[in-house]
1. Condition first: within 14 Å of B:Asp95 (Cα to Cα), more than 7 Å from chain B (Cβ to nearest Cβ) and free of Cβ contacts under 8 Å to residues at least 12 places away in the same chain. Now tell me which residues in segment A:12-55 satisfy that.
2. Of everything in segment A:3-42, what is polar (S, T, N, Q), more than 19 Å from A:Asn96 (Cα to Cα) and in a helix (DSSP H, G or I)? Give them in sequence order.
3. Could you list, in sequence order, the residues of segment A:54-79 that are at pLDDT below 95 and outside any loop (DSSP other than H, G, I, E, B)?
4. From the set of residues in segment A:80-116 that are assigned to a loop (DSSP other than H, G, I, E, B) and not acidic (Asp, Glu), which is surrounded by the most Cβ atoms within 10 Å (Cβ to Cβ)?
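The values are calculated or read from the model by the stated rules, or taken from the named source; none is laboratory data. Since we're looking at a predicted model, the values are computed, not measured. Here the Cβ is made from the backbone with ideal geometry for all residues, glycine too, and neighbour counts use every protein chain on show.
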Amino acid sequence: MKNNLQFDFTVDKAAKTVFITREFAAPLSLVWDAFTKAEILDQWIAPKPLISKTKYQNFKVGGKRFYAMVSPGGQERWAIQEYTSITPKTNFKMYNAFADKDENPELPGSDWDHNFSEENGITKVHITIYNESLERLEKIIDGFRQGFTMSMKNLEELLASQPLSASSQK
Amino acid sequence: MRRDIFQAIADPTRRAIITLIALQSMTPNAIADNFHTTRQSVSKHLRILTECQLVKQEQQGREIYYSLEIKKMKEIDKWLEQLRKIWETRYNQLDKVLLTMKKQKK
């Protein structure tokens, strides 16, 4: 069932634009909620083992979502999303920027445009991210990787603290 | 401040320079011959590309030759591939969340 759902990810490097299209086997109202309600967003937006934590959200034009991606080691990467346009169950736009824990944005950020449509019970979500920079991408991916490395490191430390029988015998 | 690679390749002249030197290493003069701009302007573009480590310089006798850092170009694709994987992962997670939501509604 899942295999029939469309997934497209393309990048126009020169225009610094990322296009992501995905179909979901769920009605539009549910998918809309999953993208616009913080308590649902937090359940899926962070790739495991990271978790997403929303400090507050105000889903209206001019409102914001202030959230962090948290690594298994407890490291937090904060970001602010400011909603710039909302057409219920059809489209919403936001400006996304990294921030420190005191909500000071690290500019420039990127502009996100989300489009939703439903056909025969399948909901299609099309996201366009404008003005994405490779530097930002590196930061995002570095953040994710740190999360993974941290858990690996914990494992290494755990292993190192266990005396190995082979090496202790001289 | 470190330069952004997307910024570097967003400029049409810089993209043309990259295409040119992808074939063979060239001196700034030889590169400038291909454009209707000043030598200074080409130098500026080369400096930006060098700062992004997209091109490298090599001294051969009295001349400096510029060539493409293919490794760096591939690195961009590597980053993008990782970003694609992140989206795949997060959307597979969303599939599960939506399934739970559908069940709860019933």
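1. Hit for segment A:12-55 is A:Asp33, nothing else.
2. A:Asn3, A:Asn4, A:Ser29
3. A:Ala68, A:Met69, A:Val70, A:Glu76, A:Arg77, A:Trp78, A:Ala79
4. Checking each candidate, the answer is A:Lys89.
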